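A.B. asks: I have a structure here, written as structure tokens, and I will follow up with some questions on it.
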Amino acid sequence: MSSPYGALTVIVNPHAGKRRVGQEVPELERTLQARGLSYTLRRTEGRGDATRFAREALEEGSRYLVAVGGDGTVHEVVNGMMGEDGEPIAPEAVLGVVAAGSGCDFIRTFGLPGDASRACYHLTGDNTYPLDVGRIIYTTVSGETDSRYFANVAEAGLGAAVAARAERMSPRLGQAKYFFGFWLTLPRFKLATVRVEADRRTYEGPAYLVVVGNAQYYGGGMKVSPRSYPGDGVLDVLVFKGPKSDSFTLLPKLYRGEHLPHDHIEEFRVKQTLTIESDRPLPIEADGEVLGSTKAIVEVVPHAIRMKL
């Protein structure tokens, strides 16, 4: 059973999921072979490898890329599929995702399995989903601007500070590092004054966190943006205004996606451009990758990638 999109370029991060992804590679290959899928396997060794491999594959004519790993691997592959001009390098290219035990939040929105053998069954056939991506232009440490694409969730403020803290914690904690990182970061994180302009709507006032959702889940299973549908051409924006005591009641609801509507959360929908400014630089992350700080501009790229389901 061959793929209608040609041979697969399988990009594997063997270190994802406390190295469980690397341990599942033999099973992944056996399943691909049993399904009669022709493929080339490329293993990443460091940051940026998956982006480079994806871009090289597209330049060489491959049109079916499969990211094997967690949210960071998906993030890098998506960035390899998008050009500097805000357009996909190959509009006909298809993205497949195999979480392989990594605890990938991105796949939760689509209900895809988290193990290699079952996920491979979704790589056959021709059914795809038109996936939007966001493009975030942010401020670097040197004060210049840079940009990155994201498929899942981006945020400015407390959540990005938590991601930075989790990045420094032991990989042995797995997805739980976001939970511990949150409670370690919260006490010292100060309220900021932000200006959030979403198309024609503006919020100006206090905030701990600004979430920009393309898909629904992040942070190890939190359904932070339950109204997001990553093919509707819209990004959902949530401004968490505080107080900090909300954390004790909101956190359990976040995991169930039951925190909306809420008096202390402003909701926006963006079809074009979102601008985030703050009275002090707030950290920014996208798909769990810590990037830079505010000021930030977010743009929607509708139906940028075809995702295999």
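The values are calculated or read from the model by the stated rules, or taken from the named source; none is laboratory data. If you're wondering where the values come from, they're calculated on a predicted model, not measured in any experiment. Glycine gets a Cβ as well: all are built from the backbone with ideal geometry, and neighbour counts include every protein chain shown.
A.B. asks: Filtering region 253-309 down to residues that are farther than 30 Å from residue 92 by Cα and among the acidic types (Asp, Glu), which residue is surrounded by the most Cβ atoms within 10 Å (Cβ to Cβ)?
C.D. replies: For region 253-309, the residue satisfying everything is 266.
A.B. asks: Now a separate question. Filter region 118-136 for residues that are surrounded by fewer than 16 Cβ atoms within 10 Å (Cβ to Cβ) and either on the phi > 0 side of the Ramachandran plot or in contact with a Ser or Thr (Cβ under 6 Å, 6 or more places away or on another chain) (or both) and give the result.
C.D. replies: 125
A.B. asks: Can you tell me which residue among 73, 31, 51, 40 is within 17 Å of the chain's Cα centre (by Cα), surrounded by fewer than 23 Cβ atoms within 10 Å (Cβ to Cβ) and not assigned by TED's automatic domain parsing to the domain that holds residue 167?
C.D. replies: Details: 73 fails: surrounded by fewer than 23 Cβ atoms within 10 Å (Cβ to Cβ); 31 fails: within 17 Å of the chain's Cα centre (by Cα); 40 fails: within 17 Å of the chain's Cα centre (by Cα).
Answer to the check: 51.
A.B. asks: In addition: Kindly indicate the residue of region 212-247 that is at pLDDT below 95 and assigned to a loop (DSSP other than H, G, I, E, B) and also surrounded by the most Cβ atoms within 10 Å (Cβ to Cβ) among those meeting that condition. Please lay out each step first, then the result.
C.D. replies: Residues of region 212-247 that are at pLDDT below 95, as a first pass: 218-222, 242-247.
Next cut, assigned to a loop (DSSP other than H, G, I, E, B) only: 219-221, 242-245.
Details: 219: 24, 220: 19, 221: 16, 242: 15, 243: 10, 244: 13, 245: 8.
That would be 219.
A.B. asks: Hey, another quick one. Please return the ranges of strands (runs of 3 or more DSSP E) entirely within region 111-210 where 3 or more residues are among the β-branched types (Val, Ile, Thr) and at pLDDT 95 or above. Spell out the reasoning first.
C.D. replies: Details: elements: 128-139, 145-150, 153-157, 192-198, 201-207.
Those strands (runs of 3 or more DSSP E) span 128-139, 192-198.
A.B. asks: A further question on this structure: When region 288-309 is examined, which residues are found to be in contact with a His (Cβ under 8 Å, 6 or more places away or on another chain), in the same structural domain as residue 215 (by TED's automatic domain parsing) and in a strand (DSSP E or B)? Explain how you work it out, then say what you get.
C.D. replies: Kept after step one, since they are in contact with a His (Cβ under 8 Å, 6 or more places away or on another chain), are these residues of region 288-309: 288-289, 308-309.
So of that shortlist, the ones also in the same structural domain as residue 215 (by TED's automatic domain parsing) come out as 288-289.
Within region 288-309, just 289 meets the criteria.
A.B. asks: Another question about this same structure. Residue 86 is checked against (1) without any contact (Cβ under 8 Å) to a residue 12 or more places away in the chain; (2) on the phi > 0 side of the Ramachandran plot and fails just one. What number does that condition carry?
C.D. replies: With respect to (1) without any contact (Cβ under 8 Å) to a residue 12 or more places away in the chain; (2) on the phi > 0 side of the Ramachandran plot, residue 86 is out only on (1).
A.B. asks: Within region 228-240, can one find any residue that is more than 15 Å from the chain's Cα centre (by Cα), touching a residue at least 60 places away in the same chain (Cβ under 8 Å) and within 16 Å of residue 264 (Cβ to Cβ)?
C.D. replies: yes
A.B. asks: Something else now. Out of (1) closer than 18 Å to residue 65 by Cα; (2) assigned to a loop (DSSP other than H, G, I, E, B), the odd one out for residue 18 is which?
C.D. replies: Here residue 18 meets the rest and fails (1).
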